[in-house]
1. Residues with beta-carbon under 10 Å from that of residue 193, excluding residue 193: net charge, scoring Lys, Arg +1 and Asp, Glu -1?
2. Give the aspartates and glutamates reachable from residue 336 as a straight Cα distance under 20 Å; neighbours fewer than 8 places away on the same chain don't count.
3. Compute, for the chain, the length of the dipole vector about the Cα centre, with Cβ point charges of +1 (Lys, Arg) and -1 (Asp, Glu) only. Units Debye, rounded to 20.
4. Hey, could you get me the Stokes-Einstein D for the chain, Kirkwood radius over alpha-carbon pairs, 37 °C and 0.692 mPa s, rounded to whole µm² s⁻¹?
5. For residue 289, list the lysines whose Cα falls under 19 Å from its own Cα; do not include residues on the same chain fewer than 8 positions away.
6. Could you compute the FRET efficiency for residue 301 and residue 260, with r as their C-beta to C-beta distance and R0 at 56 Å, rounded to 0.05?
7. Full-extension gain between residue 227 and residue 342, please, as 0.36 nm times their residue separation minus the C-alpha to C-alpha distance.
8. Can you find, among 212, 202, 164, the residue farthest towards the positive end of the dipole of the chain? Put +1 on the C-beta of Lys and Arg, -1 on that of Asp and Glu.
Amino acid sequence: MTHPSPPAIIAERYEVLRKIGEGSFGEVYEVYDHNMRQTSALKLLKRTSKNIWEEAQILQSVAGEHVLQVRNADLVLGQPYIVTAVATHGTIAEQITPNVGVRVEKAVRWGRQSCQGVARLHDLGLLHRDLKPENIFLDDRGDALIGDLGLSQLQNSGGYAEAGGSPPTMAPEVAAGFTNNTRECYTARSDVFSLGASLYWMLAGSPALPSMSVQAIAFTHVPDIWNPAPHLPKALRDLVNRAVHFDASQRPSSPANLDASLASLKRMKRAWNRIPPHSGHQDCFEGEKSGSTSVSVCVSDIAGGASSVIDVHHRTSGRKLKEHCRQVPSSEIGPKLRSIFRNV
């Protein structure tokens with residue numbers, strides 16, 4: 001279906017310069033605001049809400065660290081729109097190397113900042129309803145900013161909003177709401193799931209729920225993050241798994257609670273990160289320890305993939321740590337790697 005082009009001037013003040021994006025919920029344009037004499041991003045939304053006027057007023061009051069600045073939110077010819085600062089430093093999605101992810105320390109920092117931004121929305125009674133790496137922007141300092149607030153919606157008196165979101169980071173109870181046509185099923189813990197799923201994506205280099213229909217998500221438990229990311233410390237693994245728990249009651253109760261739990265994590269004696277695999281290897285990891293040389297752990301398959309060889313060596317000299325090098329059945333690779341990460 002072809003959507004009509006927007007007018008050259010929107011709401012008698014925003015001159016459309018170019019289209020910069022489109023999604024299932026709206027189209028985004030770079031505009032020049034003739035009233036404020038500045039360039040902004042304007043998103044024309046495809047949905048309407050019974051609370052659109054109240055939400056617009058609240059969105060304009062959202063301000064502070066880790067939230068993309070909202071400059072205006074209103075209706076034009078009955079269609080809602082939201083105006084924000086232009087994010088010129090990209091999104092977290094653009095920083096994720098497929099099947100590698102980002103450095104653990106950076107992912108935790110961005111995860112915490114995202115929680116703090118969403119907590120600001122929750123304090124105002126709003127639920128974001130579409131949290132994912134491509135909606136988390138970066139500023140000129142490399143800090144995370146929660147953006148794309150066009151789907152944000154006020155909670156009702158019971159703490160619910162209408163179902164919303166994108167499949168790769170959608171909570172199962174929200175998917176069930178879409179499937180069962182239960183309109184108001186989205187809660188604060190649904191936002192927590194999406195925050196956890198975004199953190200999962202950063203750490204694993206792949207979404208927790210890849211290429212899955214909404215109907216399937218309603219019945220799917222997210223795999224243990226140790227499966228795609230065996231280098232994570234146990235405490236971080238346990239927290240991410242809890243954040244994306246199928247049972248909403250088992251998740252952290254709020255973004256602020258998830259932030260506090262991330263803040264309390266202790267560093268391992270050696271910080272491990274996945275790196276792009278070297279030639280001939282399936283997986284490579286690098287461990288850094290203050291005052292010590294970096295160590296590389298590389299995995300290669302043999303015997304048609306039935307077995308794996310783990311090679312552990314000092315990164316600079318190439319000297320092998322023979323006591324940790326081994327050949328193991330591929331089915332046992334995860335536990336063996338985690339043992340090495342704990343003990344090297």
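1. Working: positive: 189, 251; negative: 173, 191.
Every neighbour counted, the sum reads 0.
2. Of all the aspartates and glutamates, those that pass the test against residue 336 - Cα under 20 Å, at least 8 places apart if same chain - are 224, 238, 283, 286, 288, 301, 311, 323.
3. Values: 37 positive and 34 negative charges, 294 e Å.
My answer is approximately 1420 debye.
4. Working: Rh = 21.7 Å.
Rounded, D is 152 µm²/s.
5. List returned: 106, 234, 266, 269, 320.
6. 0.85
7. 39.8 nm
8. Checked the options; the winner is 202.
Laboratory data are not the source of any read-out in this text; all were calculated from the coordinates shown. None of these values were measured; they are calculated from a predicted model. We place every Cβ from the backbone using ideal geometry, glycine too, and count neighbours over all the protein chains shown.
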